[in-house]
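Each remark here refers to the structure printed beneath this line.
The values are calculated or read from the model by the stated rules, or taken from the named source; none is laboratory data. Keep in mind the model is a prediction, meaning the values are calculated, not measured. Cβ placement follows ideal geometry from the backbone for every residue including glycine, while neighbour counts extend to all protein chains displayed. Areas reflect the complete protein model, heavy atoms only, side chains present, ligands, DNA and RNA absent. Shrake-Rupley method; radii C 1.70, N 1.55, O 1.52, S 1.80 Å.
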Amino acid sequence: MFIWEEAVKIVLEVNNLEAYYGESVILKNVCLNVQQGHIVCLLGRNGVGKSTFLKSVMGLVHTPCGSICLNNEEIIDKPTYFRARAGIGYVPQGRDIFPHMTVEENLQLGLEIKGGRGGIPQELYELFPVLKEMLTRKGGDLSGGQQQQLAIARALAVHPKLLLLDEPTEGIQPSIIKDIGRVILRLKKEGYTILIVEQYLEFILGIADDYYVMDKGAIIAQGLVSAMNKEDIQHKIAI
Ligand code: ATP
Ligand code: MG
C-alpha cells in the first residue's frame, strides 16, 4: 500500500557531537534535530553544557567529532561568519548588545551580516514597540528586559532561517517575559524556526513543540512538549 507522507524538513540536524574547552570534554555524543517551523527547547540544570551546544552550532567551540547540518549542508568545519551568513541568528546568554552604541546602531549592526542592505525592517518595531521609543538611547542604558528585546530584534533583522536563543528569560521581570513569549509565538506563526535554551519550564510549555533535556553534556530525555511528563522533567532540571 502506498502511504503519502508529507515531507518533514529538518533545518538543523546534529549528530554525535562532541565539544571541548581545551582538554575538557563538555558535550558527548549529542544528537538533536530542529524541524522547520518548530520551536525546540533545550532544557537542563546550570553548567550541563546548554550554552556550549549553541556555541558549537555557531562554530565558537572546538568540535572535533560529529556532524552539524544546516538545511542538509554540513557546516561543522565552517567558520562562524559563514554560519551567520548561511542564516543562523544567535542571541547569546547575557544578551551581548553593544552598550555604547544606540539602539538604532545596534539594530544596524545586525544587518551588517548580510551587507547592511534594506534598512531596519519596520516589523521589528511592531514586535518590540519599546525599541522604537528608544532608538537614540545607548544600549547600555536599557533595562535588562529591554536589552534582551534589542538582542532578539538584532538577530531577527536579517530574517534568520534558524534562531538560537540562550535563556531569554534569565534575570528578566515577569511582564517582559510574557512579552517575549508573545513575540516568540508570533514568530512561530510567521514560520520561524527557533531553538531556545531554557531553565524556566513554565515559559516553554505554551511555546515549544519539542524538548530535549541535557545533563552532564549528554541528552537524557526528549519528546513532544504536548506529551511531556512535567513533574519528571522538572525533577531532571531542578537546581
Ligand atoms: P547555565 O545554565 O549556567 O548557563 P550551561 O548549561 O549553559 O549552564 P555551559 O556554559 O555550556 O553550561 O558550561 C558547560 C561546562 O563548560 C561548565 O562546566 C562550564 O564551567 C564549562 N565552561 C564553559 N565555558 C568555558 C570556557 N570558556 N572554558 C572552560 N570551560 C568552560
Ligand atoms: Mg548557559
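What the table below lists for this structure:
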quantity	calculated
Mean Kyte hydropathy of 0.5 or more with a Cα span along the axis of at least 24 Å, helices from DSSP in the chain	none
Listed residues Val8, Val197 arranged by accessible area, highest first, probe 1.4 Å	Val8, Val197
Residue with peak Gaussian network fluctuation, the chain [Cα springs, cutoff 10 Å], from Ile204, Ile172, Ile184	Ile172
Separation in nanometres of the label points that stand 7 Å from Cα toward Cβ, at Asp141 and Asn229	5.3
GNM flexibility winner over the chain from Ala221, Ala86, Ala157 (Cα, springs under 10 Å)	Ala221
Residue-count net charge about Gly145 - beta-carbon cut-off 11 Å; Lys, Arg +1, Asp, Glu -1	0
Cα gyration tensor category, rounded, prolate or oblate, for region 117-239 with a/c compared to 1.5	prolate
Those GluC sites (Glu not before Pro) in region 181-239 that DSSP places in a loop and that have at most 13 other beta carbons within 10 Å	Glu190
Sparsely packed GluC sites (Glu not before Pro) within region 17-121, loop by DSSP, other Cβ within 10 Å at most 13	Glu23
Among Ile194, Val14, Ser226 the positive-end extreme of the charge dipole of the chain (Cβ point charges)	Ile194
Residue-span extension gain [Cys69 to Leu185] - 0.36 nm each, minus C-alpha spacing	39.2 nm
Pairs beyond 20 Å (Cα-Cα), from Lys50/Lys236; Lys161/Lys189; Lys28/Lys216; Lys161/Lys236	Lys161/Lys236
Radius 13 Å from Cβ of Asn33, net charge of other residues (Lys, Arg +1; Asp, Glu -1)	-2
FRET efficiency, 1/(1 + (r/R0)^6) with R0 22 Å, evaluated for Ala218 and His62 via beta carbons	0.80
Linear extension gain, Ser175 paired with Gln122, 0.36 nm per residue minus alpha-carbon span	16.7 nm
MRE, 222 nm, helices only [DSSP H, n ≥ 4, -39500 (n - 2.57), over the chain, to nearest 500]	-9000 deg cm²/dmol
Longest segment of the chain lacking chymotrypsin sites (Phe, Trp or Tyr not before Pro) that sit in a DSSP loop with at most 13 other Cβ atoms within 10 Å	5-239
